[in-house]
Amino acid sequence: MNMDSILKKRIIPAVILIIGLILLPVMGVSLVERDVSVLDNTATIKFSVDAEEPFSVGIVETVPEGWNFADNDNSVSSSKNVQIDRKNNQIAFFLSNEESVSYQLTGTGDGKTGFKTEWVDLLYLTPETSEGTERWITLGGNPVAEDNEHSDLDAKATPGFGIFAAVIAFIATGLALIAVNRKEA
């Protein structure tokens, strides 16, 4: 059996299988993007969700000092799933199969500096009791578990499904190669 035949019959299918099983957990993951446009002293912030339906995403943004929400909630955002906390300068959205949502602020600046945006995929489930405090993702950063005052500092991170899928991929590839060798013998 020549090298070209071995490559075509064994190695290429094994590599495809491994790549498919490793990338499987990543498919369907929500991604939130933030876009800002500023005109005079009014900033319009738009959040866009890139995900396959169905999806549910929670977004919380902390607004820095110098920016203000309008007094009327309907003037801030037309979304029906919005909560404004003027005391803490925060706004929260719930998006369920909605691709985008926006809100407006008045103030000075570029609309990017000092803002802290966090989001969470609400359809992702895990048996961990502290999942709600550990799964928040900061736009442009890492998960916020380190910053969360309620997170358990002694808790150990559990490996995700990706590690499990990689192990299964390697086992399945090995079994497939053994089966092919037995057929040829």
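Answer yes or no as to whether residue 111 is open to solvent by less than 30 Å² (accessible area, probe 1.4 Å), touching a residue at least 24 places away in the same chain (Cβ under 8 Å) and over 20 Å from residue 136 (Cα atoms). Against the criterion (open to solvent by less than 30 Å² (accessible area, probe 1.4 Å), touching a residue at least 24 places away in the same chain (Cβ under 8 Å) and over 20 Å from residue 136 (Cα atoms)), residue 111 qualifies. Scanning region 66-81 for residues that are modelled with pLDDT of 90 or more and either acidic (Asp, Glu) or assigned to a strand (DSSP E or B) (or both) turns up 67, 68.
Taking region 29-56 as the range and being part of a strand (DSSP E or B) and open to solvent by 70 Å² or more (accessible area, probe 1.4 Å) as the test, the residues that pass are 31, 33, 35, 39, 46, 50.
The values are calculated or read from the model by the stated rules, or taken from the named source; none is laboratory data. Nothing here was measured: the structure is a model prediction, and the numbers come from that model. With ideal geometry, Cβ positions are generated from the backbone for all residues, glycine too; neighbour counts draw on all protein chains shown. SASA here: full protein model, heavy atoms, side chains in, ligands and nucleic acids out. Shrake-Rupley method; radii C 1.70, N 1.55, O 1.52, S 1.80 Å.
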